[in-house]
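Asker: Would you mind keeping the following structure in view while I ask a few things?
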Amino acid sequence: MAIQLGKHKIRFNSICPGLFKSEITEGLMKKDWLHNVTLKMIPLRDRGTSDPAMTSVIRYLIHDSSEYVTGNVFIVDAGATLPGVPIFSSL
């Protein structure tokens with residue numbers, strides 16, 4: 001998409017969020033097992049909130065300072081998808 005839309009000066013990026021504290025995940029976040037999994041497999045050892053984690057990325061992408069940024073995937077997950085991080089089934 002970035003290649004096709006670039007000639008029209010349209011930037012195409014994506015944001016891949018991890019698990020954040022929110023109204024939707026409120027019940028899940030109270031589970032002890034999830035806290036234990038977070039401590040073992042998330043490098044930053046935290047389940048953040050969408051603000052400021054997601055909103056900061058969004059603000060950057062809509063700002064003029066990102067006018068030269070296209071075709072990127074911004075992963076905002078406290079490091080959960082880094083290579084070498086144990087997957088849930090191996091805990």
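The values are calculated or read from the model by the stated rules, or taken from the named source; none is laboratory data. Computed from a predicted structure; not experimentally measured. Neighbour counts run over all protein chains shown; Cβ positions are idealised from the backbone, glycine included. The protein model used for the area step is the full one, side chains on, heavy atoms only, and it has no ligands, DNA or RNA in it. Shrake-Rupley method; radii C 1.70, N 1.55, O 1.52, S 1.80 Å.
Asker: Helices (runs of 4 or more DSSP H) wholly in region 23-91 with at least 3 residues that are closer than 22 Å to Ala2 by Cα - which ones?
Answerer: Helices (runs of 4 or more DSSP H) meeting the threshold: 50-62.
Asker: Answer with yes or no whether Asp46 is among the acidic types (Asp, Glu) and touching a residue at least 12 places away in the same chain (Cβ under 8 Å).
Answerer: Spelling it out, Asp46 is indeed among the acidic types (Asp, Glu) and touching a residue at least 12 places away in the same chain (Cβ under 8 Å).
Asker: Now for a separate question. Have a look at Ser56, Ser65, Ser50 and point out the one that is of a type in the set (Gly, Ala, Ser) and over 12 Å from the mean Cα position of the chain (by Cα).
Answerer: It is Ser65.
Asker: Do we have any residue at all in region 72-85 that's free of Cβ contacts under 8 Å to residues at least 60 places away in the same chain and touching a Leu at 6+ places or on another chain (Cβ under 8 Å)?
Answerer: Yes: one or more hits.
Asker: Just to be sure I understand the filter: pairs with C-beta atoms under 6 Å, separated by 6 or more residues or on different chains, first member in region 1-17 and closer than 22 Å to Ser56 by Cβ, second member open to solvent by 90 Å² or more (accessible area, probe 1.4 Å) and basic (Lys, Arg). Which pairs pass?
Answerer: Within 6 Å, no pair qualifies.
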